[in-house]
Number of protein chains: 2
Amino acid sequence: MADEPVKYLLDDSEIPTHWYNVVADLPTPPPPPLHPGTHQPVGPDDLAALFPPELIAQEVTTERYVEIPEPVREIYRQWRPSPLFRARRLERVLDTPARIYYKHEGVSPAGSHKTNTAVPQAYYNSINGIRHLTTETGAGQWGTALAFACALFDMQCDVWQVGASFDTKPARRTLIETFGGTVYRSPSLLTEAGKAFEEGHPGSLGIAISEAVEVAAQRDDTKYALGSVLNHVLLHQTVIGEEALLQLRKAGETGADLVVGCAGGGSNFAGLIFPFLREKLAGNQSPRLLAVEPAACPTLTRGEYRYDFGDTAGLTPLLKMYTLGHDFVPSPIHAGGLRYHGMAPLLSHVVHEGLVEATSLHQSECFDAALQFARTEGVVPAPESSHAIAQARRAALSCKETGQEQVIVIGLSGHGLLELGAYESYLADRLIDDALSEEALTSALAAVPAIS
Amino acid sequence: MADEPVKYLLDDSEIPTHWYNVVADLPTPPPPPLHPGTHQPVGPDDLAALFPPELIAQEVTTERYVEIPEPVREIYRQWRPSPLFRARRLERVLDTPARIYYKHEGVSPAGSHKTNTAVPQAYYNSINGIRHLTTETGAGQWGTALAFACALFDMQCDVWQVGASFDTKPARRTLIETFGGTVYRSPSLLTEAGKAFEEGHPGSLGIAISEAVEVAAQRDDTKYALGSVLNHVLLHQTVIGEEALLQLRKAGETGADLVVGCAGGGSNFAGLIFPFLREKLAGNQSPRLLAVEPAACPTLTRGEYRYDFGDTAGLTPLLKMYTLGHDFVPSPIHAGGLRYHGMAPLLSHVVHEGLVEATSLHQSECFDAALQFARTEGVVPAPESSHAIAQARRAALSCKETGQEQVIVIGLSGHGLLELGAYESYLADRLIDDALSEEALTSALAAVPAIS
């Protein structure tokens, strides 16, 4: 016991040199995004108002690997390779024969995986002369990461924070400001998209996206940055899975049996599992790849696979994805990062193709697992990440029944130190734990445009 | 630039095997603690009600090295060796020829150096059949660390949190509870020491210590744990300096010119600098060792070197130390961990002997430096740690004037993610920034007992 390692670190030289593009290896290509007016596939020009050319190229590339620019790798070195931990104390408490690992993205400057894409996005905008980025933030993780990345490249960062989050989590706003960003409560009076709602409206990620996109489209020196959903964002996150594969080998594992992560917009989960999917498609490993959603916002498990808007106002291209309807406002569960009506088209595609699975959990079970994780592993997980932990615990307990020595890999997308209000609610038994009702689902799906 | 490392990690095998006891190398021994009644040196028996025998032995040992028990090293492996970072981006922004390093203790499960001593203290109590530890917490870092350590050894942890901190920092209480601890607002009605104060009193570290000590002394299965000040606590923290010495060598440095840390009770600073002091006394290096205090609680810089109580009620032994008077209540500055009237006797001794220096800073300068640090290095420092950063910045800017390529090592005692309220005050220009007045100092010192 005494000499068994609990963490697997890599050298700076083992930071991936390339991001991995799963599109190159898929049996069928994902359906293209459509222009909201013409319903024709969008081309690079349609995106030029919002994104710099390198990111647009990454959005549509079919190359298997995209080189990570050296200035980005230099910044990655601050916290990457992120550690892979063996959860030995949790295993002991669960009395399971499973070997549980967690890839800890909470060690990043912003406390989550979001920094992996914030840095290259800020970098590519910066070398194109952009001085100003706009974005939205729900839980606040993405706004924090982008504010940090903008500080490094001496750019301004304007963040529209979902109203309900802004009102209840002042520390998140302070953290964004500490990194030099500016925070607006969404819906705001600064945009047409925001003015459409009454003052004090709790907002949604869809509304906040509309506001940030509107502002970016109007100014020459300003572009927009999205923290999830799009192909280039998922691409940047593949450093997680690439490192995890290498670390598992160093831990003496020939592969994983289960790789589990939470899915909100999909980038954390995709970044973790796409390199595993490559190995699976190549026949090298056969891991079960499992996305976990909250029962209150079960996009992959109960949504429909259709073209829908990425935002509430209908400003974005139409994306073929699992959706609950673009004007769906989920109940105020604590995992703000999982309260999105849609799901990354690329992830939706591989789920629809049967390559990747999804399930949903109630948040009370997730917080119970998170507490056990904190008291054994010493890490307070983000409420989002607690979904992956709870599902991994189910699998580990099932191994206890069957005696299987499975290798379980958890994507720990971030720490929960800025979400202690959620833990307080759970500890005080004040947690509201509802699942999405059939009526609400039917009503929300009715707003999805009819596109064959 | 591209290939220059920014972090220096060590293998698990390079975690120190022994704690370093500076007493063995000092030219003169530190004065002993005195019994509060008899004014005679306290013996091990006097401490037996509060501490297990191993900790009492460590408190009085003159051995140079104390072996770290394997179960403690096993837990240390979760986050130790902690990284040493080269602050290259900060150097660039400051345009200094100095090479600035920071030893990052904020990576620990509790977010600060406190875990280094919480784990061995819980361990030694645990192997002595103790099921329950009491303690106080000011900023909350220590209570968090001890709650985490107790969770690992299946012990209960009761924390008296200074009232002002309890009232304004609910997240800290939640974090302690997340790790399984119980939090009481101090002064409480559970103790005689607490009942002496009116309801709603803002409390102080001295009062909270009195309460925790009182409860521990009354119960057989319960002992007390202190997060700073005592010799054994400083001893446990020496892993910081031992690792830093090794990491500096890996970074190609032959030594440090300045090692700077914040000093509240003294354990973080002592843990960092005692191994450097050993090298200095042995003639291997000649670093300047500099403690930084807040101007509002300048114990080393303006206190007197006298015997005084460690707590407010006078329950502890009399300690020869720099003190502002045991009933001194500092103004509510944000670095709660630096609001202590006294200073570790061992650290006081080496300062009095002229081996170590001290200075004080206003908190506004510290927050300004902390903001710059966050925006370059991506780490939001604890308000305590910001004192070390601000002093290091002064030194680095002075190197810019002189052209000296000094090696500066900062002790980053913890992250500030649970102290964002302090950053909010600073950003909103609502920070009260007073220094201790002469009148208040004179009045506080009048309460120090007259002992020759």
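Odds and ends about this structure:
- Within the stretch A:62-72, one or more residues are within 14 Å of chain B (Cβ to nearest Cβ) and either in contact with a strand residue (DSSP E or B) (Cβ under 8 Å, 6 or more places away or on another chain) or of a type in the set (S, T, N, Q) (or both).
- Residues of the stretch B:127-171 that turn out to be within 16 Å of residue B:72 (Cβ to Cβ), within 11 Å of chain A (Cβ to nearest Cβ), touching a residue at least 60 places away in the same chain (Cβ under 8 Å) and open to solvent by 10 Å² or more (accessible area, probe 1.4 Å), as a count: 1
- Qualifying residue in the stretch B:400-409 (condition: open to solvent by 10 Å² or more (accessible area, probe 1.4 Å) and closer than 23 Å to residue A:179 by Cβ): no
- Elements of type strands (runs of 3 or more DSSP E) in the stretch A:265-357, at least 1 residues being over 19 Å from residue A:39 (Cβ atoms): A:288-294, A:318-323
- Unique residue being assigned to a helix (DSSP H, G or I) and free of Cβ contacts under 8 Å to residues at least 40 places away in the same chain when the list is A:424, A:384: A:424
- In the stretch B:1-27, the residue that is farthest from the other protein chains (Cβ to nearest Cβ) out of those that are in contact with a helix residue (DSSP H, G or I) (Cβ under 8 Å, 6 or more places away or on another chain) and polar (S, T, N, Q) is B:21.
- Scoring residue A:42 on the criteria (1) over 25 Å from residue A:119 (Cα atoms); (2) within 14 Å of chain B (Cβ to nearest Cβ); (3) not hydroxyl-bearing (Ser, Thr, Tyr) leaves a single failure, condition (2).
- Checking the stretch A:420-428 against the condition returns a match, with at least one residue being among the hydrophobic types (A, V, I, L, M, F, W, C), within 21 Å of the chain's Cα centre (by Cα) and farther than 26 Å from residue A:317 by Cβ.
- Residue count for the stretch A:406-435, restricted to those that are of a type outside the set (Ser, Thr, Tyr) and within 13 Å of chain B (Cβ to nearest Cβ): 14
- Residue within the stretch A:388-396 that is more than 22 Å from residue A:286 (Cβ to Cβ) and in contact with a Ser or Thr (Cβ under 7 Å, 6 or more places away or on another chain) present: no
- The stretch A:362-379 residues that are within 7 Å of chain B (Cβ to nearest Cβ) and under 19 Å from residue A:83 (Cα atoms), paired with ones that are in a helix (DSSP H, G or I) and β-branched (Val, Ile, Thr) (beta carbon under 7 Å, 6 or more apart): A:374/B:178
- Here is the figure for the stretch A:101-126: residues that are more than 14 Å from every other protein chain (Cβ to nearest Cβ), within 18 Å of residue A:229 (Cα to Cα) and either assigned to a loop (DSSP other than H, G, I, E, B) or charged (D, E, K, R) (or both) total 1.
- Any chance residue B:116 is at pLDDT 95 or above and farther than 25 Å from residue B:244 by Cα: no
- Residues in the stretch B:82-97 that are open to solvent by 10 Å² or more (accessible area, probe 1.4 Å) and within 21 Å of the chain's Cα centre (by Cα) were compared, and the one that is nearest to the other protein chains (Cβ to nearest Cβ) is B:85.
- Residue A:328 vs. criteria within 14 Å of chain B (Cβ to nearest Cβ), touching a helix residue (DSSP H, G or I) at 6+ places or on another chain (Cβ under 7 Å) and surrounded by 23 or more Cβ atoms within 10 Å (Cβ to Cβ): no
- Hits in the stretch A:173-184 (condition: in contact with a strand residue (DSSP E or B) (Cβ under 7 Å, 6 or more places away or on another chain) and either more than 14 Å from chain B (Cβ to nearest Cβ) or touching a residue at least 60 places away in the same chain (Cβ under 8 Å) (or both)): A:184
- Selection of the stretch A:127-176 for residues being part of a loop (DSSP other than H, G, I, E, B) and closer than 22 Å to residue A:236 by Cα yields A:128, A:129, A:130, A:131, A:138, A:139, A:140, A:153, A:154, A:155.
- Subset of the stretch A:9-40 [of a type in the set (Val, Ile, Thr) and either more than 26 Å from residue A:322 (Cα to Cα) or assigned to a helix (DSSP H, G or I) (or both)]: A:15, A:17, A:22, A:23
- Of all residues in the stretch A:15-40, those satisfying the criterion of being out of contact with any Lys or Arg (no Cβ under 9 Å at 6 or more places or on another chain) and open to solvent by less than 70 Å² (accessible area, probe 1.4 Å) are A:19, A:26, A:28, A:35, A:36, A:37.
- Within the stretch A:143-180, the residues that satisfy the criterion of being within 20 Å of the chain's Cα centre (by Cα), of a type in the set (Phe, Trp, Tyr) and modelled with pLDDT of 95 or more are A:148, A:160.
- Residue check: residue A:219 meets all listed conditions (1) out of contact with any helix residue (DSSP H, G or I) (no Cβ under 9 Å at 6 or more places or on another chain); (2) among the charged types (D, E, K, R); (3) open to solvent by less than 10 Å² (accessible area, probe 1.4 Å) but one, namely (3).
- Matching entry among B:358, B:382, B:395 (being farther than 16 Å from residue B:93 by Cα and more than 14 Å from chain A (Cβ to nearest Cβ)): B:358
- Selection status of residue B:187, of a type outside the set (Ser, Thr, Tyr), more than 22 Å from the chain's Cα centre (by Cα) and more than 14 Å from chain A (Cβ to nearest Cβ): yes
- Once the stretch A:347-373 is narrowed to residues that are surrounded by 24 or more Cβ atoms within 10 Å (Cβ to Cβ) and not β-branched (Val, Ile, Thr), the residue that is nearest to residue A:433 (Cα to Cα) is A:363.
- Residue ID - least open to solvent (accessible area, probe 1.4 Å), chosen from residues in the stretch B:41-65 that are without any contact (Cβ under 8 Å) to a residue 24 or more places away in the chain and in a loop (DSSP other than H, G, I, E, B): B:43
The values are calculated or read from the model by the stated rules, or taken from the named source; none is laboratory data. Everything quoted here is computed from the prediction, not taken from an experiment. All Cβ positions, glycine included, derive from the backbone under ideal geometry; neighbour counts span all protein chains shown. Surface areas here come from the heavy atoms of the whole protein model, side chains and all, with no ligands, DNA or RNA. Shrake-Rupley method; radii C 1.70, N 1.55, O 1.52, S 1.80 Å.
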